[in-house]
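Below is one structure, written out as structure tokens; the observations come after it.
Any read-out appearing in this document is the output of simple, stated calculations on the displayed coordinates, not a laboratory observation. All of these numbers come straight from a predicted model, not from anything done at the bench. Positions of Cβ are generated from backbone atoms using ideal geometry, with glycine treated the same way; all protein chains shown enter the neighbour counts.
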């Protein structure tokens, strides 16, 4: 809905920066809050999946 997008663009600087074509430079991308949060969540989930697979393939003999 264009009205919702317009409201978000007015209220949130980071939304505007992410939405606009030249809002974030390549140098800023690695430190952009939304990108960092997404990457951290992805890395955390990959670690959880790796742990799950490890426990399935090599169960802990002490448990």
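Points worth noting:
- Calculated [θ] (222 nm, deg cm²/dmol) that DSSP helices of n ≥ 4 give over the chain, each run adding -39,500 (n - 2.57): -22500 deg cm²/dmol
- Estimated FRET transfer efficiency (residue 1, residue 45; beta-carbon r; R0 25 Å; 0.05): 0.25
- Put simply, the C-alpha atoms of the range 10-61 give a gyration tensor, and the ellipsoid matching it has half-axes of 37, 10, 7 Å, longest first.
- Model label points for residue 19 and residue 52, set 7 angstrom from Cα along the Cα-to-Cβ axis, are 3.5 nm apart.
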